[in-house]
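Notes for the one structure printed next.
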Amino acid sequence: MTTPAARSGTGQPAELFFEDLVPGLTVDLGVVTVDGDEMVAFARRFDPQWYHVDTDMAGESRHGGLIASGFYTVSLFMRAYVDHLLSRAAADASPGLEELRWLAPVRAGDRLAVRVDVMGARPSTARPGLGTVSLTGTMLRLGPDDRPEQEVLRTRFRGWFAARPTEAEPAGPADPPEADLPETDRPDDGPTGADQPASDPAETSPDGTDPAETSPDGPEQPEGGPTKADPHD
């Protein structure tokens with residue numbers, strides 16, 4: 001079973017871990033095209049300022065037409081970040097943003113190239129097993145020739161990512177059941193049944209008496225009779 005630390009941000013098995021997100025790494029998050037209907041629907045629901053929702057007023061203003069809510073634009077960034085990085089990485093939560101800037105208006109039909117750059121990484125002191133990664137995300141409007149024309153969004157933020165799991169020690173072979181053990185490996189319960197001799201030759205004297213019943217110093221002394229002195233007394 002995949003452990004939580006080995007899952008990606010979308011719940012699939014992770015292939016990227018904290019150790020892979022080294023400073024200087026740039027991850028291409030693809031190109032998104034701004035859908036005009038979605039842009040306006042988002043603004044009507046979450047940011048209904050006139051230059052986001054009123055076509056006539058926006059057209060007569062210095063904006064020259066509707067422009068996207070900045071929060072819609074950063075939502076496009078977030079979706080690209082999830083699709084192209086967090087879906088592969090052992091991502092945990094994020095402690096937050098340090099910077100979010102809308103550098104130029106975004107309009108319906110714009111094609112925006114998205115990327116994220118790793119600026120720093122260090123093990124987390126508050127959350128063992130995780131590392132804190134500092135990231136910069138950018139979105140750039142592309143021209144007809146697919147060359148970047150203008151940066152429209154920049155954000156700096158941090159994310160927590162799980163360290164790569166350590167390999168567990170391989171389990172040794174299981175002990176075979178007792179019934180499968182060779183005769184010499186079975187517990188020493190001694191022979192049983194018909195195989196048990198009447199007595200053990202090593203424990204019986206030649207004349208058939210039990211050595212435990214005979215004193216090495218001669219026959220057992222009657223009770224109250226003289227006894228052999230103890231040399232240690």
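Side notes on the structure shown:
- Close pairs (6 angstrom Cβ cut-off, 6 or more residues apart or separate chains): in a loop (DSSP other than H, G, I, E, B) in region 129-148, at pLDDT below 95 anywhere: none
- Just one residue in the set Arg101, Arg154, Arg107, Arg127 is modelled with pLDDT under 95, surrounded by fewer than 20 Cβ atoms within 10 Å (Cβ to Cβ) and basic (Lys, Arg); that residue is Arg127.
- Check on Thr73, crowded, with 16+ Cβ neighbours inside 10 Å, of a type in the set (S, T, N, Q), over 30 Å from the mean Cα position of the chain (by Cα) and within 27 Å of Pro144 (Cα to Cα): yes
- Matching residues, region 119-128, being within 20 Å of the chain's Cα centre (by Cα) and assigned to a strand (DSSP E or B): Ala121, Arg122, Pro123
- Filter result for Pro173 (modelled with pLDDT under 95 and either outside any loop (DSSP other than H, G, I, E, B) or touching a Phe, Trp or Tyr at 6+ places or on another chain (Cβ under 9 Å) (or both)): no
- Selected residue [surrounded by 15 or more Cβ atoms within 10 Å (Cβ to Cβ) and more than 27 Å from the chain's Cα centre (by Cα)] from Ala90, Ala43: Ala43
- Yes/no for Gly109 being in contact with a Lys or Arg (Cβ under 9 Å, 6 or more places away or on another chain) and on the phi > 0 side of the Ramachandran plot: no
The values are calculated or read from the model by the stated rules, or taken from the named source; none is laboratory data. Remember, predicted model here, so these are calculated numbers, not experimental data. Here Cβ is always computed from backbone atoms with ideal geometry, including for glycine, and neighbour counts include all displayed protein chains.
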